[in-house]
Every structure is written in structure tokens, then in C-alpha cells.
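Notes for the one structure printed next.
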Amino acid sequence: VATGHTQVGKSPSAKSHREKWNERYHELETYKVKHGHCNVPQGQRPLGKWVNNQRQAYKKSKLSEERVQKLDCLGFNWGNTKKSRTNLNQQGDEAPLAGSGNDQKWHARYRELMKYKADHGDCNVPQSNKTLFRWVGNQRSARRKDKLSKDRVQKLDNLGFNWRNAPKKRADKGPEETRMTAEV
């Protein structure tokens with residue numbers, strides 16, 4: 001029976017905060033389907049303000065790993081929207097060993113690769129997954145040029161990362177991929 005009073009021992013704000021977060025997250029999912037990205041203008045309230053709040057919480061390490069992963073899976077950009085979209089589109093993610101914004105992008109892609117491996121059993125990303133495929137190629141290139149930190153090399157090694165372009169055994173491999181993987 002609803003009386004309008006809070007039960008002793010229950011935190012109404014914790015549950016309502018979680019519910020509000022999930023509602024905004026679902027709004028962001030819808031926004032992405034409609035617009036193709038998660039860069040909601042801040043003036044488009046309340047979702048734009050919520051998106052900005054997520055970025056701020058992340059920068060201050062106040063966003064739970066669960067929420068970070070949910071937003072990462074949605075393709076959330078953690079930096080300034082225009083700058084992040086430009087950097088991601090023109091450079092294929094990050095330049096290795098760059099500043100903290102790039103560090104966040106690197107870890108977001110790394111988590112995406114971890115999910116890919118969990119789903120597919122390996123780190124051989126097909127070309128059809130353009131963003132992750134390009135990022136994986138950038139990691140190989142950075143390592144060859146000795147521009148990938150030992151920590152990142154170790155993380156990728158621990159994941160079972162293949163430093164050579166191994167042949168794909170999935171049906172989504174096209175003729176271009178076959179040519180690319182054979183040229184090691």
C-alpha cells in the first residue's frame with residue numbers, strides 16, 4: 001500500500017537515481033539510433049545535460065565501471081564532442097602515448113576488444129567492424145614503430161592479442177580482408 005512515506009532503512013534517492021540514470025541511458029540509445037552518435041548538444045535538455053554530467057563524472061573517476069562499460073558499448077565519446085568526433089573519424093582513434101583524453105579512448109577500445117574476444121574467442125577483428133578493426137591495426141603499427149607503451153603491449157598480450165594479421169575463419173571475411181591478412 002503506497003502511503004507517500006518512505007520506509008525506514010530504504011534510500012529513496014538511491015533507487016530513484018538509478019532509475020533516472022537508466023531512463024536517460026535509454027533516451028541516449030534512442031538518440032543514437034536516430035542520429036548515429038551519442039553527442040547530444042548540451043542545450044538539448046535534459047539529455048544533453050545528462051550526457052555532459054556523465055563525461056564530468058568519468059573525468060573525476062566518479063562513474064561506476066558498469067556504467068562506463070554500458071556507455072562504451074553504445075559508442076559514447078568521453079571528450080569534447082566536436083574534438084572527439086573529429087579525432088576519432090580522421091585518425092582512427094588515438095595517437096599512442098598521447099594525453100589523458102587519448103588514454104580514455106584507448107581503454108574504451110581495449111574494453112571493446114575484450115568484449116569482442118569474449119563473444120568470438122579471439123582478437124582477430126574482421127574488417128566489417130571498421131572502428132575496432134582500424135584500432136587493432138593502429139596498435140600493431142604503433143608497436144612496430146616502438147610507440148606503444150610496455151603496459152599496453154602487456155595488456156594486449158594478456159588478452160591473447162595477435163600481433164600479426166592472422167587469417168580470419170569467420171564468414172564475414174571478404175576478399176579484401178583475405179588479401180590484407182595474407183600480407184604479413
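Readers should treat all values here as calculations from the given coordinates under stated rules, not as data from a laboratory. What you see is a predicted model, and the numbers here were worked out from it, not measured in a lab. With ideal geometry, Cβ positions are generated from the backbone for all residues, glycine too; neighbour counts draw on all protein chains shown.
Key figures for this structure:
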{"item": "Estimated FRET transfer efficiency (CYS73, HIS120; beta-carbon r; R0 22 Å; 0.05)", "result": "0.90"}
{"item": "Extension reserve of the ASN165-LYS130 stretch, reckoned as 0.36 nm per residue once the Cα distance is removed", "result": "11.1 nm"}
{"item": "Whether the stretch 114-153 is rounded, prolate or oblate, judged on the alpha carbon gyration tensor where a/c under 1.5 counts as rounded", "result": "oblate"}
{"item": "Projected label distance in nm at ASN52 and ARG18, using a 7 Å step from Cα toward the beta-carbon", "result": "2.9"}
